[in-house]
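Have a look at the structure below before the remarks.
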Amino acid sequence: MKDLKIYFTSDLHGYVYPTDYVNTTEKNIGILNIINSFEKDDNTLIIDGGDTIQGSPFTNYLSNTDFDVHPIATIFNEGQYDFVTLGNHDFNYGKKYLKKYLDNLNAKCVCANVIDNTGELPIQPYQIKTMANGLEVGILGITTDFINRWERPENIENINITDTFDAVAKYFDEVKTKCDLIIGVYHGGFENDLESHELLSSTKENIAFKLCKEFDFDILLTGHQHIPISNKTIFGTHIVQTPHNGSKFVKLNLTIDDNGSINIISSLEEIKLNPNKEMFNKFLPLENKVQEWLDTPVGFLSTELQPGDRLEMALNGSHLANFINQIQLETSDADISCTAFANVIHGFNKNISVRNILSTYPYPNTLVVLEVNREILKLALERSASYFNNDNGNISISQSFLKPKLEHYNYDYFANIEYTFDLNKEVGNRVVSIKYKGEELNYTKKLTLVMNNYRASGAGGYECYDKCKVVKEIVLEMPEIIINYFKNNPNVTVDTTKYITVKYLIYTFLNTIKTTTYISVVVFIIFL
């Protein structure tokens, strides 16, 4: 009988200290708390699934400073990590930043479909680890190949991100012959529902279901989607996944008997507020600088901009979205703009600080201006209109935006055009009006549309942008763009224009009385 214990983290997104940076209150999250929860011996592996060095104000600040040794590498070394793979966001700050992380990491980086043509990044496709009890463990790493679509070209220059499935096919049998059990570490998630096995996405962004079906991994450690998964098996492969920002980690216990029979139990572990003191104190001066920077005032708004209910905002429009769009419009000089919200939104107070900005817009997106016409706009708007499900006048968010993972960030809010959705019509035919400057937009007029670089890549179901002419690229990251906007406009009057109109039918008590509503809700009271 041989035992193996695995601790697995993923999608930590640079949350080092026990704080979410919305305020200074300590919370049960973060890498410093997690590494103090590990109990490692010679038959234990500690593995990370990527999206590790980007995503928090801590790493945002770090990316704009000059440093030699990446703090997260030092903290991972203290936590005795054995293996890591790379996530899509690990490339966001460029190769130099990524190299400082990997060069100072004791853990081996395994990622079979990331090939650095310069040989500067210490990445290997797989590793074989012999445990103290003699167990031979193969660890094969892969990441989502959608990095090619999302990442700025300069950040992956001389780096090939190859097809995820093909990379597994290339190395799987080779690894399998060298070990007693094989573990996949995949920065990607599931394209099928794990209960019904229904196909939820036909893209190659997430192919964990297919990997489990086609390859007999003993364990597949997954990430990217931030879905809590533990103690589950599909096609004979034990699968796990963690939520994001260091809010939980996976603990897995495996036993293999003399006949080769394997038993695996895994759990998602809650985080205790007990940070590693040595690392906490070592990087506290840096953390204090981050907190001081976050509290830097940058400007004032005419009104507070707090997020509302997701469905209500999508139906009625959002002043918060208008504000981001007005920043994009001024920065780009484009005719029209679109933006989207992260799955978690914090909003703006009247008095704006850097903390406000990074809590509300945490991603290092840049801006791209595309040339579009009515045909392109209609396709893009139809994608946003598919966010709604209409069940006899009961409007809800479509399951396609909720499963296999939350995708609120794929609903876009537009500004400087007035547009109407008719939810009584089928998906793909819901956009019934697009007006520019008060007139219905004709099919010959060309407009410039500004959006973030993620959306401009066609990601999120907006393939209609793929072949559009690029008029302009603004390579500053959005948090910096927002800060610069306040420097030029210290007292901002928020755009309160309502750009969207949504039509749908409300069916009354006997489904006999129908009335058309334009967002407003009509209530019928009948006295008997």
- Item | Coil-residue GluC sites (Glu not before Pro) of the stretch 419-508, DSSP, other Cβ within 10 Å capped at 15 | GLU426
- Per DSSP, loop trypsin sites (Lys or Arg not before Pro) in the stretch 156-243 with at most 14 further Cβ within 10 Å: LYS178
- Query: Which of LYS129/LYS170; LYS170/LYS467; LYS2/LYS99; LYS108/LYS289 have a Cα-Cα distance over 25 Å?
  - Reply: LYS170/LYS467; LYS2/LYS99; LYS108/LYS289
- Task: May I ask you to list the trypsin sites (Lys or Arg not before Pro) in the stretch 417-513 that are in a DSSP loop and have at most 16 other Cβ atoms within 10 Å of their Cβ?
- Result: LYS425, LYS437, LYS445, LYS446, LYS467, LYS469, LYS498
- Note on the structure: Expressed as a percent, the accessible surface of the chain that is carbon or sulfur, using a 1.4 Å probe and the full set of protein chains, is 47 percent
- Message: I need the shape label for the stretch 87-178. Rule: rounded when a/c is under 1.5, else prolate if a/b > b/c, else oblate, with a, b, c from the alpha carbon gyration tensor.
- Response: oblate
- D (Stokes-Einstein, µm²/s), Kirkwood Cα radius, the chain, 1.306 mPa s at 10 °C: 64 µm²/s
- Could you give P(r) for the stretch 266-371, binned at 5 Å from zero, as whole percent values over all Cα-Cα pairs? 2, 9, 15, 17, 16, 14, 10, 8, 6, 3, 0
- Return the aspartates and glutamates within reach of LYS176: Cα separation strictly under 17 angstrom, same-chain partners fewer than 8 residues apart disregarded; answer none if there are no such residues. GLU136, ASP166, GLU214, ASP216, ASP218
- Item | In sequence order, calculated HN-Hα J values of the stretch 376-389 (Karplus, 6.51, -1.76, 1.60; Hz; x Gly/Pro) | 5, 4, 5, 4, 5, 5, 4, 4, 5, 5, 6, 5, 9, 10
- Could you state the accessible area per residue of the chain in Å², with a 1.4 Å probe and every protein chain left in place? 42 Å²
- Query: Based on DSSP, what percent of beta bridges with both residues in the stretch 119-266 are antiparallel, to the nearest 5?
  - Reply: 50 percent
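The values are calculated or read from the model by the stated rules, or taken from the named source; none is laboratory data. In this text the structure is predicted, and so the values were computed from the model without any measurement. Because the Cβ atoms are built from the backbone with ideal geometry, glycine has one as well, and the counts that use them run over all protein chains shown. Accessible surface areas use protein heavy atoms only, side chains included; no ligands, DNA or RNA. Shrake-Rupley method; radii C 1.70, N 1.55, O 1.52, S 1.80 Å.
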